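Note sheet for the following structure.
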Amino acid sequence: MIQVAYASKTGHVEKVVQTLGLTNALKIVDGTEQLDGDYVIFTYTTGNGKTPKQVETFLASHPGVKAVVGSGSRAKSHIETFNFAAENISKAYNVPVIARLDGTGTSEDMTNILNALEKM
Ligand SMILES: Cc1cc2nc3c(=O)[nH]c(=O)nc-3n(C[C@H](O)[C@H](O)[C@H](O)COP(=O)(O)O)c2cc1C
């Protein structure tokens, strides 16, 4: 299965990674982490539809990104920029969005993500 790198601030993405059993996933803390080859990036969205800075740093120095999984919130304050980090990355790196999760997502989301990862 393809490698996974992820960023999580309040724990939702971390929980998703754990639920999926991705024990070798790399946690991005400041963006200077090292990883070789192809990978899928999992990220939350921060203030007004922004990609977390450490995720931008990591992407800029790791060209092997093949797809993105986003976690956002459908709360009123975020709905207009729902999962924009995943959308931003998809456009910038020309890669598909595997899932646009609301928080930790649903069990159906988990099945879909695992199926997608296994095919990569
Ligand atoms: C300051 C702040 C800004 C946020 N902005 C957005 C946003 O623009 N769009 C969105 O979909 N979610 C937004 N969210 C929601 C988070 O992306 C969402 O809760 C996500 O699941 C957090 O993942 P994490 O727990 O792994 O950090 C925001 C959350 C915070 C705290």
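A short reminder: the numbers here are calculations on the coordinates, not readings from a lab. What you see is a predicted model, and the numbers here were worked out from it, not measured in a lab. Here Cβ is always computed from backbone atoms with ideal geometry, including for glycine, and neighbour counts include all displayed protein chains.
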Worksheet entry | Under 26 Å from the Cα of Lys9 - lysines, other chains or at least 8 residues apart | Lys27, Lys50, Lys53, Lys66, Lys76, Lys91
Fill in: Computed [θ] at 222 nm, helices only, for the chain once each DSSP H run of length n ≥ 4 contributes -39500 (n - 2.57)
-10000 deg cm²/dmol
Worksheet item: Based only on Cα atoms, what Rg/Rh ratio does the chain have, Rh being taken as Kirkwood's radius?
Response: 0.92
Practice prompt. Provide Lys66, Lys76, Lys9 in ascending order of the number of other Cβ atoms located within 10 Å of each residue's Cβ, fewest first.
Written response: Lys76, Lys9, Lys66
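May I ask what percent, to the nearest 5, of DSSP beta bridges between residues of the chain are antiparallel? The partial results should precede the final answer.
Numbers: 1 of 18 bridges.
Just about 5 percent of them are antiparallel.
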